[in-house]
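Following: one structure in structure tokens, then a few remarks.
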Amino acid sequence: MRFAEQFTPTDTGIHCIIGLGALHHLAAAIQFYKDRLSPLLLWEPILEIETAEEFQTSLLKIKDQLFGLRIPFLILKSNDSRSIWREQIVTFLKETGAHSINILPFPSYQRIVPNEIHSFIEFLKSVQNEQSQINSNTKAHFQKVWTHNYLKNMERISSRKTGISWLFEVKISNLIPVFVGASPCLENEIPKLKQNRNSYLIFCSDTAVQFLLSNQLEPDYILSFDSGRGTLFHFLPTIPQNIPIITWLGANTHIFDLKNPLVLTNTNYPMDQIIQTKLKNIWPSLENPSLNVAGIGKAIALLGRSKMLLLAGVDFLAENGKSHCRGTGYENYRLPKVNRKLTWQALNENRMYAKKTGKNKIASEKLWAEVSSLKVLYLKDHNIDSIQGINQKERECIYGFQGFPQIGFGEWEQAFQTFPDVISPDTISRWFLKPQTK
């Protein structure tokens with residue numbers, strides 16, 4: 001039991017148990033921690049033990065217990081190559097959302113097979129280092145993109161002056177908002193949306209807007225928060241200029257060239273926090289633990305004190321090899337790449353949406369997390385008879401205020417000192433020290 005006590009639950013890592021033996025220590029940990037147990041990576045280094053019938057029988061019981069408690073686990077097979085192990089471990093880390101591996105070799109195994117254990121630990125460290133490098137590269141990329149977009153968009157709203165507001169208040173407490181995502185299931189939900197369009201207040205993701213428009217469904221608001229260049233394809237060939245876009249200052253810069261009204265939200269990004277101190281009115285922040293645009297829809301419903309939020313086109317699962325519904329920006333982006341050797345099916349198949357794992361699992365859990373004041377339901381599960389029609393005036397439920405605060409070089413530097421992971425100092429220096437091309 002003393003060794004099993006080292007399996008302390010963690011929210012950000014997995015436990016790697018090296019040396020399973022008779023599995024008593026693992027059984028004790030399951031008994032002690034139950035469903036609080038962290039994801040497990042298991043390896044038995046002695047092939048004679050791994051292939052023994054008694055071991056396999058006991059391991060089957062352990063697996064059944066872990067399945068019952070919904071504890072993710074991965075068992076490495078000694079006969080597999082390390083390249084297979086590497087692929088399995090990387091996939092397991094992504095699926096569990098883990099950032100670290102807590103290595104726990106069983107003491108007696110360190111005496112019996114010290115070389116094998118040392119080699120395996122070095123292998124695990126190399127896998128972790130590779131993942132850490134990938135994470136560092138991703139972090140550096142978004143540092144630059146967010147900082148550049150923020151600076152450029154601040155410049156554009158200062159020159160644009162009209163059609164820009166800072167989200168101040170949402171009044172939808174007596175209405176039923178519907179968030180529309182772009183999962184393939186949306187294709188089956190279009191008939192209900194069209195049939196009852198006058199009863200819904202529709203907030204849609206930018207990914208879904210072209211599909212809605214192609215089905216003669218004009219959303220009340222578009223949510224666009226992705227900073228990547230691919231966001232441009234969601235707005236091609238065009239969208240009606242009367243639809244307000246709810247976004248943030250770090251979003252894709254193309255949005256700020258559109259003539260649509262823009263509503264800017266407070267995401268708690270460091271520069272948002274600085275701007276908040278410069279504005280005369282309260283600029284409420286939108287909490288989004290799901291890290292998905294559907295979570296913004298939920299945050300808006302909560303801010304508006306809505307009693308219910310309906311979801312359409314939201315399930316984080318692929319259908320028939322498709323990760324998204326027809327008519328999205330992904331089709332506009334991928335179509336030119338189709339040729340005799342690279343088929344449309346191959347381009348659209350996305351393993352990330354094969355099942356709810358990794359960031360999709362987190363997004364789904366946070367989106368469906370219970371909130372006492374808000375009931376979240378699928379559109380298909382809601383009885384439309386209980387909804388009253390919404391007139392045009394009621395659809396104007398997002399209220400903002402005007403203002404164009406300026407952020408100087410010193411304030412950007414100060415933000416970098418406090419939040420170095422999300423601010424790019426090189427981008428700041430290039431922006432303020434060199435003439436800008438508009």
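The values are calculated or read from the model by the stated rules, or taken from the named source; none is laboratory data. Note that the coordinates shown come from a computational prediction; the quantities given were computed from them, not determined experimentally. A quick note on method: Cβ atoms are made from the backbone with ideal geometry, for glycine too, and the neighbour counts reach across all protein chains shown. Calculation scope for accessible area: heavy atoms of the full protein, side chains included, ligands and nucleic acids excluded. Shrake-Rupley method; radii C 1.70, N 1.55, O 1.52, S 1.80 Å.
Structure data summary
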{"read-out": "Condition check for ASN102: within 19 Å of GLN6 (Cβ to Cβ) and out of contact with any helix residue (DSSP H, G or I) (no Cβ under 7 Å at 6 or more places or on another chain)", "value": "yes"}
{"read-out": "Checking ARG111 against (1) under 25 Å from THR10 (Cα atoms); (2) without any contact (Cβ under 8 Å) to a residue 24 or more places away in the chain, the condition it does not meet", "value": "(1)"}
{"read-out": "Restricting the range 395-425 to residues that are polar (S, T, N, Q) and within 25 Å of PRO284 (Cβ to Cβ), the residue that is least open to solvent (accessible area, probe 1.4 Å)", "value": "THR418"}
{"read-out": "Whichever residue in the range 226-237 is assigned to a loop (DSSP other than H, G, I, E, B) and either under 22 Å from GLY295 (Cα atoms) or aliphatic (A, V, I, L, M) (or both) and, among such residues, is least open to solvent (accessible area, probe 1.4 Å)", "value": "SER227"}
{"read-out": "Single condition PHE142 does not satisfy, out of (1) touching a Ser or Thr at 6+ places or on another chain (Cβ under 9 Å); (2) open to solvent by 10 Å² or more (accessible area, probe 1.4 Å); (3) within 17 Å of LEU258 (Cβ to Cβ)", "value": "(3)"}
{"read-out": "Candidate set: the range 215-225, residues that are open to solvent by 20 Å² or more (accessible area, probe 1.4 Å) and in contact (Cβ under 8 Å) with a residue 60 or more places away in the chain; chosen: the one farthest from VAL145 (Cα to Cα)", "value": "ASP220"}
{"read-out": "Conditions (1) within 24 Å of LYS139 (Cα to Cα); (2) touching a Phe, Trp or Tyr at 6+ places or on another chain (Cβ under 7 Å); number of the one not met by TRP283", "value": "(1)"}
{"read-out": "From ALA312, ALA301, residue being open to solvent by less than 50 Å² (accessible area, probe 1.4 Å), of a type in the set (Gly, Ala, Ser) and in contact with a helix residue (DSSP H, G or I) (Cβ under 8 Å, 6 or more places away or on another chain)", "value": "ALA312"}
{"read-out": "Only one of SER285, SER290 that is within 19 Å of the chain's Cα centre (by Cα), of a type outside the set (A, V, I, L, M) and open to solvent by 10 Å² or more (accessible area, probe 1.4 Å)", "value": "SER285"}
{"read-out": "Within the range 240-282, considering residues that are in a strand (DSSP E or B), among the β-branched types (Val, Ile, Thr) and touching a helix residue (DSSP H, G or I) at 6+ places or on another chain (Cβ under 7 Å), the one surrounded by the most Cβ atoms within 10 Å (Cβ to Cβ)", "value": "THR247"}
{"read-out": "Filter result for LEU193 (open to solvent by less than 10 Å² (accessible area, probe 1.4 Å) and in a helix (DSSP H, G or I))", "value": "yes"}
{"read-out": "Complete set of residues in the range 371-381 that are over 13 Å from GLN195 (Cβ atoms), at pLDDT 80 or above and open to solvent by less than 90 Å² (accessible area, probe 1.4 Å)", "value": "SER373, LEU374, VAL376, LEU377, TYR378"}
{"read-out": "Checking LEU212 against (1) buried (at least 20 other Cβ atoms within 10 Å of the Cβ); (2) touching a residue at least 60 places away in the same chain (Cβ under 8 Å), the condition it does not meet", "value": "(2)"}
{"read-out": "Count of residues meeting criterion [open to solvent by 10 Å² or more (accessible area, probe 1.4 Å) and not in a loop (DSSP other than H, G, I, E, B)] in the range 177-189", "value": "3"}
{"read-out": "Residue match in the range 161-169 (condition: part of a helix (DSSP H, G or I), open to solvent by 70 Å² or more (accessible area, probe 1.4 Å) and out of contact with any helix residue (DSSP H, G or I) (no Cβ under 7 Å at 6 or more places or on another chain))", "value": "no"}
